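Working notes, structure below.
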Amino acid sequence: MQMPVPNPAILARKAAIVAALRAVLPADAVIDDPHETRAYECDALAAYRTQPLAVVLPRSTAEVAAALRVCHGLGVPVVPRGAGTSLSGGAMPSQDAVILGVARMAAVLEVDTANRFVRVQAGRTNLAVTAAVEGAGFFYAPDPSSQLACLIAGNIAMNSGGAHCLKYGVTTNNLMGVTLVTMAGEVLEIGGPYADAGGLDLLGVICGSEGQLGVVTEATLRILPKPEGARPVLIGFGSSEGAGACVAEIIRAGVLPVAIEFMDRPCIRATEDFAHAGYPDCEALLIVEVEGAEAEIAEQLGLIRQIAMRHDPVEFREAQSEDEAKRIWLGRKSAFGAMGQINDYICLDGTIPVSALPAVLRRIGEMAAAAGLQVANVFHAGDGNMHPLILYDANLAGDLERGEALGAEILKLCVEVGGCLTGEHGVGIEKRDLMGAQFSGADMEAQMRVKDVFDPGWLLNPAKVFPLALSAARRG
Amino acid sequence: MVMRPRDERELAEAIRDSAGPLRVVGGGTRPVCAGAGVVLETGGLAGVRLYEPAALTLVVGAGTPLAEVEAVLEGARQRLGFEPVRWGALLNAAGESTIGGVVAANVSGPRRLQAGACRDALIGVRFFDGHGEVIKNGGRVMKNVTGYDLVKLMAGSWGRLGVMSEVAFKLQPAAAAEATLLLEGLGAGEAVAALSAALGSPYEVSGAGWMPDAGAMLRLEGLAESVAYRVARLSAQLARFGAVRVERDGAALWRALGEVEPLQGLAGAVWRFSVKPSEAPAILARLGCPVVLDWGGGLIWAVLPEGVDARAKAAPYSGHATLMRGPGVVFEPEMPGVAALSAGVRAKFDPRGIFIGSEGA
């Protein structure tokens, strides 16, 4: 993965830059000791690492603004960071950039169940948002699998999804307002505890802009009343095609499950060895979860069973107890960990039209065989958001590069069938140079013009999202 | 003068050759700056491009009449979840809404509070900027974080950033059953607490409004047994607010709410407030005029005499107020820093300033 050559003039001024940051921030909020900054050298795309120039960890919006004003004044790039769980390198530093981490800003500012929103500092973890409102019977819906660790700031930057977004939508559908600090250090309130924008929907374009338009320090989030209950079923199939057809028919039938998850044989085998969830030995399985009161669950599962039976399932397992429900989810939730035990892997997240699932799965199998690599599939089938895991061996010279090349081909396939490069992980550095497969020059130019407005000097997270050659002139 | 491009090539030429001002018009049911500029009509950019019921996906020309879109979806028992509504009668405008007009004004009906707004259902867009250059964003899949989300920016842009030629939506299955609970004894101010209690329940309310004759209205949709269960539970829970009547066929009521029927034909200026719902009762008391409530009290429609500054009268409130029928559509001015960003975005997409749009004032 290519990164721009660090600006030697900035590297040479490191001491002055750190001193200027120390002048406006508390002593413990500025870190420049290379031993301590090492913790920030990468995010969850851990194959790529670089030491940042320095790290600042402000505790308030005012401190964020002060830090940004200093960096803006000195022309120093800034890489915003949540918990560093990005799978696409969204928080990956560069040697000439200051990391601005918001993890110390984790307070709950306001809980308002009558108006169904919560306002939090953006450094709060996703799961802790729900924790703040569940006593009152509410929850925050987007649930990325890293929800124990990942921060709302990062969720907003990447427009994160999760298993349950089939019913509840992704971050942008649950975000009502933000406090945004621009690169120039200006503090703006955009949106709030009411519906829709009064003018242009700037909130809509800020969400998912990968930390390139501003630093979000506070967020107003929509919360929902908790459903009375939820229950998963596990359906095993003799073929991926059968599972894919079943998904399409469930969606068509008007049942709206909260989640439809898919795993193929390589993934089922690996997770069984790891988690012993008791999954059937079959080509593909679906986990379908429905919500509601007892009678409502029974009604939906009755329909799902009818549909599933038309597709020759090898097994239809309905959870009879809380414990069985947990076991059904156990394998799915340990899938990534299980794959990590047996191999290094690259996790893709291209989205395709649901109707293309069977054909794309078949084609991925052929491509993997031709590349001499194994691919396991585990993904959100209801919305077509795939997660092919390409297995490789980091200790084998050239294996990572072979895996990346296969990954690029698979993502191009996703675009060819009408889908996109990334459904929920973001572009970051990982898919930056594939953007041309999905967008024309004019498409990308239009997006870059938005950044020109928010950050004319291209100092915020500058080497991400857009192909380097395309953004070079703007990055200076 | 009226231009009516028949395809994208003609649209691009029309924009390139124009020195402005250009007023983009779909069905003309939400009149912006009526009378000004050269009209650019989108009716020639019509037709279903792709409809895949099993993927809940529709791609359609922006000039397609809303009625045609609805008919196509009804045939497969599907719908646009955000419940597009027609404001023509309220705004004294003839014509038939187009789907592009719905998107440009981000028009959402009662189901917005459960299913999200038009901007949430919109998953892709093709549009022509002020240079007449085509730009696509989003696509036809439900989950897509590839690059910046210009789709949201185009929804509610009121023709100020470019001319949309094609829009893509994620759809919903139509509900198998529905029921409406009516608390006919409640006044507008009293209704908000009842609506809020219902929306805080786990019974998945898909509409919560108030009209003068109907009182507080709550809609439940879904599978038949589930609706029956929730009707019973929610009725019991709301009994403390007054008598609850169950209406089995509420479609006309919800259409009337979406189209703001009780305020149609009243003389005066029509205002639309988007606020924090719990603030609604106090705002209503200060306004002291005919109103209709939607979105649990978060959306207030009000008719006031021409020339009255409704924002000053309603203040304080958190949210925004738009003058919908007066001299034209007039937005609430943004905070200076935000206004500067909006102006900057407009200047980038329309550097020659040829697209007329409503201004904040």
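The values are calculated or read from the model by the stated rules, or taken from the named source; none is laboratory data. Keep in mind that this is a model prediction, so the values were computed, not measured. Note that each Cβ is placed from the backbone with ideal geometry, even for glycine, and that neighbours are counted across all protein chains shown.
Points to keep in mind about this one:
- The residues listed here are A:Ala47, A:Ala15; of these, the one that is at pLDDT below 95 and among the small types (Gly, Ala, Ser) is A:Ala47.
- Residues of region B:246-279 that turn out to be of a type outside the set (S, T, N, Q) and closer than 14 Å to B:Met211 by Cβ, as a count: 15
- Checklist (1) more than 12 Å from chain A (Cβ to nearest Cβ); (2) among the charged types (D, E, K, R); (3) surrounded by 17 or more Cβ atoms within 10 Å (Cβ to Cβ); (4) more than 30 Å from B:Gln264 (Cα to Cα) applied to B:Arg325, failing item: (4)
- Any chance A:Gly204 is within 25 Å of B:Gly319 (Cβ to Cβ), in contact with a helix residue (DSSP H, G or I) (Cβ under 8 Å, 6 or more places away or on another chain) and within 8 Å of another protein chain (Cβ to nearest Cβ): yes
- Filter result for A:Met105 (crowded, with 22+ Cβ neighbours inside 10 Å, outside any helix (DSSP H, G or I) and on the phi < 0 side of the Ramachandran plot): yes
- Elements of type strands (runs of 3 or more DSSP E) in region B:161-257, at least 1 residues being surrounded by 21 or more Cβ atoms within 10 Å (Cβ to Cβ) and within 23 Å of the chain's Cα centre (by Cα): B:163-170, B:177-183, B:205-211, B:215-222
- Residues that are touching a His at 6+ places or on another chain (Cβ under 7 Å) and either more than 9 Å from every other protein chain (Cβ to nearest Cβ) or among the polar types (S, T, N, Q) (or both) within region A:171-201 comprise A:Met183, A:Ala184, A:Gly185, listed in sequence order.
- Matching residues, region A:339-361, being polar (S, T, N, Q), within 12 Å of chain B (Cβ to nearest Cβ) and not in a strand (DSSP E or B): A:Ser355
- Residue in region A:208-226 that is part of a helix (DSSP H, G or I) and of a type outside the set (Asp, Glu) present: no
- Members of region A:459-470 that are buried (at least 20 other Cβ atoms within 10 Å of the Cβ) and within 14 Å of chain B (Cβ to nearest Cβ): A:Leu460, A:Asn461, A:Lys464, A:Val465, A:Phe466
- Taking each residue of region B:216-232 that is in the same structural domain as B:Arg112 (by TED's automatic domain parsing) and looking for partners that are among the aliphatic types (A, V, I, L, M) and buried (at least 21 other Cβ atoms within 10 Å of the Cβ) with beta-carbon atoms closer than 6 Å, six or more apart or interchain, yields nothing.
- When residues in region A:306-333 are screened for being within 14 Å of chain B (Cβ to nearest Cβ), in contact (Cβ under 8 Å) with a residue 40 or more places away in the chain and either of a type in the set (S, T, N, Q) or assigned to a helix (DSSP H, G or I) (or both), 1 of them pass.
- Residue check for B:Ala54: at pLDDT below 90 and outside any loop (DSSP other than H, G, I, E, B): yes
- Output for region B:290-307, where each listed residue is at pLDDT 95 or above and either facing another protein chain (nearest Cβ under 8 Å) or not in a strand (DSSP E or B) (or both): B:Pro290, B:Trp295, B:Gly296, B:Gly297, B:Gly298, B:Leu299, B:Pro305
- Flag for A:Thr271 being among the hydroxyl-bearing types (Ser, Thr, Tyr) and modelled with pLDDT under 95: yes
- Qualifying residue in region A:277-293 (condition: at the interface with chain B (Cβ under 9 Å from one of its Cβ atoms), over 21 Å from the mean Cα position of the chain (by Cα), buried (at least 23 other Cβ atoms within 10 Å of the Cβ) and of a type in the set (Gly, Ala, Ser)): yes
- Test: residue in region A:152-170 that is within 22 Å of the chain's Cα centre (by Cα), farther than 21 Å from B:Lys170 by Cα and more than 14 Å from every other protein chain (Cβ to nearest Cβ): yes
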